[in-house]
Amino acid sequence: MINYSSNNFKIGMKFIFLNEPYFIESSDFIKPGKGQAFVRVKMRNIINEKLIDKTFKSTDSLNTADIIENNLIYLYTEKNNFYYFMYKKNFEQIIINKLIIKDKYKWLVSNQTYNIVFWNKVPIFINLPNFINLTIINTNMNIKNETINNVNKQAILSNGEIIKVPSFIKIGDKVKIDIRYKSYISRIKKK
């Protein structure tokens, strides 16, 4: 572990605070006219995703966290509690518990690559990609004389989520979804 002084804090730096891993989202070094300089930091807990504001004296320091991120391929789920992922390079598989996956399981698609965060070689967090391709399994019927393509209707995705899609989308269409906003981006052309 490396000990970093607060005046060397950088955005994205990962460190241990109160025995949990955090990363810095913003850092402002402030040198007032009188008194000691300090650093105002917005930091996010990597495990529970809570954002906190903290002020450190310029003499404070923190230990860096042994955090590694790897891109792994999602394979399958067993008994809705264990999620199997595979390293691309050596095909080694790891199992991640549902406690880490949380409600992100809805966005796991077989053979899709996901970014997994490890702390001391143990998986602690999964980063979802911004976009995922899913299939439409149900949608409202189109009106026969409908010619306007920008009219939206509700559709149910293969993961059970409901989104709004353009009127030309049909059951069985594969669509690109922005999962940050649960919004339709485009229809995937059939090969």
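Taken together, the values in this text are just the output of simple stated rules run on the coordinates, not laboratory data. Since the model is a prediction, treat every value here as computed from it, not as a measurement. Glycine also receives a Cβ, built like all others from the backbone with ideal geometry; neighbour counts cover every protein chain displayed.
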Open item on the list: Set the bar at 29 Å for Cα to Cα. Now go through Lys54/Lys89; Lys57/Lys102; Lys10/Lys50; Lys10/Lys106; Lys42/Lys89 and name every pair that lies beyond it.
Closed with: Lys54/Lys89; Lys57/Lys102; Lys10/Lys106; Lys42/Lys89
Open item on the list: Run the paramagnetic zone check for Lys104: 7 angstrom along Cα to Cβ, then residues of region 154-191 with backbone nitrogen under 14 Å.
Closed with: 179-180
Task: Average silhouette area of the chain, convex hull of alpha-carbon atoms, in square nanometres - done: 15.7 nm²
- [ ] Calculate, axis by axis, the spread of Cα positions in region 3-64 along the three principal axes, and write the results as whole Å, longest axis first.
- [x] 38, 21, 17
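Ranked highest first by the average count of other Cβ atoms within 10 Å around their residues, in what order do 80-93, 158-171 fall? Present the calculation step by step, with values, prior to reporting the outcome.
Numbers: 80-93: 12.7, 158-171: 15.1.
Result, highest mean Cβ count within 10 Å first: 158-171, 80-93.
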TODO: Could you tell me what % of all Cα pairs in region 67-127 have separations over 20 Å?
DONE: 13 percent
TODO: Rank Lys176, Lys102, Lys50 by mean-square fluctuation in a GNM of the chain with C-alpha springs under 10 angstrom and give only the top-ranked residue.
DONE: Lys50
Open item on the list: With n ≥ 4 as the cut-off for DSSP H runs, can you work out [θ] at 222 nm for the chain, using -39500 (n - 2.57) per run divided by the number of residues, rounded to the nearest 500?
Closed with: -500 deg cm²/dmol
- [ ] Enumerate the calculated ³J(HN,Hα) couplings along region 71-81 in order (Karplus 6.51 cos²θ - 1.76 cosθ + 1.60, θ = phi - 60°), each rounded to whole Hz, writing x wherever the residue is Gly or Pro.
- [x] 8, 10, 8, 6, 9, 6, 10, 10, 6, 6, 10
